[in-house]
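J.: The structure's right below; bear with me while I get my questions together.
The values are calculated or read from the model by the stated rules, or taken from the named source; none is laboratory data. A quick note: this is a predicted structure, and the numbers were derived from the prediction, not measured. Ideal geometry is used to build each Cβ from the backbone, glycine not excepted, and the neighbour counts take in all protein chains shown. In case anyone asks, the SASA skips ligands and DNA or RNA and just uses the protein heavy atoms, side chains included. Shrake-Rupley method; radii C 1.70, N 1.55, O 1.52, S 1.80 Å.
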Amino acid sequence: RLGFWDNRIEINSIPSAPKEEPIISNFYLLYSGPISSMQMSEDEHFLLCGTKLGYVVCFTVNNYILEIKYNLNSHSDEITSISINNNLNMVATASMDGYIMLYVLPSFALVRSILISQKMSETDISEDEFLYANNIFLSSSPLPCLVAFISSKKLFKIFTINGGYIGEIGE
């Protein structure tokens, strides 16, 4: 669940856990800020939490026990979306700073950053023109790519996983 005022993560269960033993855990992210986004890997080995301060906290899941593994601080603003793709061995994070960051699993090494739009100064780009991805999706089939949705423009932007611009679909 998201939105606890005390920066708490509450885990009630993990889908593959034995039904006899419910998992109830609380974790406090004291210095990372309130949670804004959360995603668990399909194989349930990683739980990623994005925060309003721009951090991405990575938990590893071993025998249904969560442990903090990494605290990524590549963004400078609130994390809006996280996508994990085990087939590509990649993680993507999007932020209100206009960047999408791509990391490789399992080391979480930063391999690429994609800038949706650039704001050089406060007067350079109006608030209506500054873009950030509200939601992202890493796809491995039929073409490995990253799809970013920008709700303010009702626009989908598509990039290769190497950061190359493919195209966009929208109004």
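J.: For region 56-85, how many residues meet the condition of being assigned to a loop (DSSP other than H, G, I, E, B) and either free of Cβ contacts under 8 Å to residues at least 12 places away in the same chain or closer than 16 Å to residue 38 by Cα (or both)?
T.: As a first pass, look at region 56-85 and keep what is assigned to a loop (DSSP other than H, G, I, E, B): 63-64, 73-78.
Applying the additional criterion that residues be either free of Cβ contacts under 8 Å to residues at least 12 places away in the same chain or closer than 16 Å to residue 38 by Cα (or both) yields 63, 73, 75, 77-78.
Looking only at that region, the number is 5.
J.: Sticking with this structure for a sec: So, in region 144-162, of the ones that are hydrophobic (A, V, I, L, M, F, W, C) and open to solvent by 50 Å² or more (accessible area, probe 1.4 Å), which residue ends up nearest to residue 134 (Cα to Cα)? Spell out the reasoning first.
T.: Step one: filter region 144-162 for residues hydrophobic (A, V, I, L, M, F, W, C), giving 145-150, 155-156, 158-159, 161.
Remaining after also requiring open to solvent by 50 Å² or more (accessible area, probe 1.4 Å): 149, 156.
On the way: 149: 6, 156: 10 Å.
Here the residue is 149.
J.: Which pairs turn up if I take residues in region 157-168 that are more than 14 Å from residue 88 (Cα to Cα) and touching a residue at least 24 places away in the same chain (Cβ under 8 Å) and look for partners that are assigned to a strand (DSSP E or B) and aromatic (Phe, Trp, Tyr) with beta carbon separation below 8 Å, at least 6 apart in sequence or on another chain?
T.: Going by the 8 Å Cβ cut-off, the qualifying pairs are 157/165; 159/165.
J.: Only residues that are within 27 Å of residue 44 (Cβ to Cβ) and either touching a His at 6+ places or on another chain (Cβ under 9 Å) or among the aromatic types (Phe, Trp, Tyr) (or both): list them for region 99-117, please.
T.: Passing the criteria: 101, 103, 105, 106, 108.
J.: Given (1) more than 20 Å from residue 151 (Cα to Cα); (2) open to solvent by 10 Å² or more (accessible area, probe 1.4 Å); (3) out of contact with any Phe, Trp or Tyr (no Cβ under 7 Å at 6 or more places or on another chain); (4) not β-branched (Val, Ile, Thr), where does residue 70 come up short, assuming only one miss?
T.: Among (1) more than 20 Å from residue 151 (Cα to Cα); (2) open to solvent by 10 Å² or more (accessible area, probe 1.4 Å); (3) out of contact with any Phe, Trp or Tyr (no Cβ under 7 Å at 6 or more places or on another chain); (4) not β-branched (Val, Ile, Thr), the lone unmet condition for residue 70 is (3).
J.: Scan region 75-104 for residues that are modelled with pLDDT under 95 and open to solvent by less than 10 Å² (accessible area, probe 1.4 Å) and jot them down.
T.: 98
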